[in-house]
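Working notes, structure below.
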Amino acid sequence: MRHCRKGRRGRFLHNFCSRTKEGTDMILVETLKGKSVTEHRVEIVERKGIGHPDYMCDSIMEAISVALSQEYIREFGTVLHHNIDKGLLTAGRVEKNFGGGQVLEPMELIIGDRATLHVAGRKIPVVEIAVDTAKQWIRSHMRFIDPDRHLKCRVVLSPGSEELTDIFTRPGKVRAANDTSAAVGYYPLSPAEKVVLNLERQLNSSEFKKIHPETGEDIKIMGLRNGKTLELTVAMPLIASFVSSEKDYFERKMIIQKEMEQMLGGLPEFKGINVHYNNLDERGRGLGGVYLSLLGTSAEDADSGQVGRGNRVNGLISVNRPLGTEAAAGKNPVSHVGKIYNILAHKIAREIYENIEGIKEVYVLLLSRIGTPVDSPQMATAQVLLERGRGIDEVAKRTEEIFEKEFSEINGFCEELSAGKYSVC
């Protein structure tokens, strides 16, 4: 691979010969000016937990994509065309009371968009795989939902267009990109991001649920850091069958809030962390003043969910960070750059940060061009915020090497995506 390098106002531009029709790919490593996220006074971070309807949609559609990929590989030796990235979970209806309730109308999961249904006259059981996978995900993650009684599945999967499916029959070891798509990733996480991410994981852990089985899986955490103070607004329902009265609800709520505060104690990055738990609650209003759930998710009767409205692929919605617009969940793992580049951008950013000294933050931007092999991006950019005293020339060459290594190993990375080894939410 032939390289050219030239300095330009403190930036290093790396050009290398391309396998694309246009003839050039570019790796650009440049200095990022300004403050890191933690040096700004205000930072806002959100995470939607396992039982949030948006998280459920993303996770289920991704699980279906993985299951289909494995079926295609098992039967035909390769991943075939599919994109299970159009999903909608419509809310049902329930009747709740202190002590229990009943489901009046089940939730409905609509599964779209495209899949390979037949190959050489052989029918692939796509519908059965989709429904079975969705129900298995529910059984594995939602303790109070019986997917056979509380969930209806509607599968709306059709064959793809001739041009997009033709990608999978073209020669070459690396698939062509099926879209022109941009992605961004970053590293490291800020202290506020880590707190929001880890708190939801703790609250939805098997250990916490064993101690507090009355807590539902539908958790949403919004973090606001103002200087050194972190305000956390936490929504997490209590399960109706465990709560005998309004008095019982508020007693349990107080215990849980104190445990959250104990989890968050002693973090040196913050002068104070304040937890606001189920902030809509109001004593004296009975069922109207408490956050009760029958099944553990607001999709039972309040909120619907949709693919792409939840967390980014690193598990967070960080308002201070650049965000890509692609919904990675359910997309094809070997040709859809909306998935491949989104996850890869975060992976490359982490590799750069952990392997090169003197970097405070790094942002990686990747851009594909439709029809070009996925290992040949139109642009791969690292924007690097350096520690004081470090120069871009000290990190540029090593950064370029990391880019080249990651793209040279992209087939292995896509195999890992096909096996579900990376989270998308």
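Each Cα pair under 8 Å and six or more residues apart adds its separation to the average, and for the chain the resulting relative contact order is 27 percent. Here is the list for segment 349-399: trypsin sites (Lys or Arg not before Pro) lying in DSSP coil, each with at most 14 other C-beta atoms within 10 angstrom of its C-beta, are Arg388.
How far is the Cα center of segment 319-382 from the Cα center of segment 110-146, in Å? Taking the Cα centre of segment 110-146 as reference, the centre of segment 319-382 is 28 Å away. For segment 337-383, the pair-distance distribution built from all alpha carbon pairs, in bins 5 Å wide starting at 0, is 5, 22, 31, 19, 13, 7, 2, 0 percent.
Checking every one of the GluC sites (Glu not before Pro) in segment 273-368 against DSSP loop status and a limit of 13 other Cβ atoms within 10 Å picks out Glu282, Glu357.
Return one quarter of the surface area of the convex hull spanned by the alpha-carbon atoms of segment 123-252, equal to its mean projected area, in nm².
Numbers: hull surface 57.3 nm².
Average of the hull's projected areas for segment 123-252 equals 14.3 nm².
FRET efficiency for the pair Ser408 and Ile73, taken as 1/(1 + (r/R0)^6) with r the Cβ-Cβ distance and R0 = 22 Å, rounds to 0.50.
For segment 191-306, a Kirkwood hydrodynamic radius built from all Cα pairs, placed in the Stokes-Einstein relation at 10 °C and 1.306 mPa s, yields a translational diffusion coefficient of 107 µm²/s. Taken over the chain, the convex hull of the Cα atoms encloses 138 Å³ per residue. Evaluating kT/(6 pi eta Rh) at 25 °C and 0.890 mPa s, with the Kirkwood radius of segment 51-169 over Cα pairs in the Stokes-Einstein relation, gives 159 µm² s⁻¹.
Neighbour counts of other C-beta atoms within 10 Å: give me Cys414, Cys57 arranged from fewest to most.
Numbers: Cys414 23, Cys57 30.
In order of increasing Cβ crowding within 10 Å: Cys414, Cys57.
Counting beta carbons within 10 Å around each of Ile111, Ile359 and listing the fewest first gives the order Ile359, Ile111.
Tally the DSSP beta bridges in the chain and give the antiparallel ones as a percent, rounded to 5.
Numbers: 60 of 81 bridges.
Antiparallel: roughly 75 percent of the beta bridges in the chain.
For segment 36-114, trypsin sites (Lys or Arg not before Pro) meeting the loop criterion (DSSP other than H, G, I, E, B) and having at most 16 other Cβ atoms within 10 Å: Arg41.
Quick note: the coordinates plus some simple rules give every number you see, no bench work behind them. Predicted model only: the values in this text are computed from it and were never measured. Please note: Cβ atoms are built from the backbone with ideal geometry, for glycine as well, and neighbour counts cover all protein chains shown.
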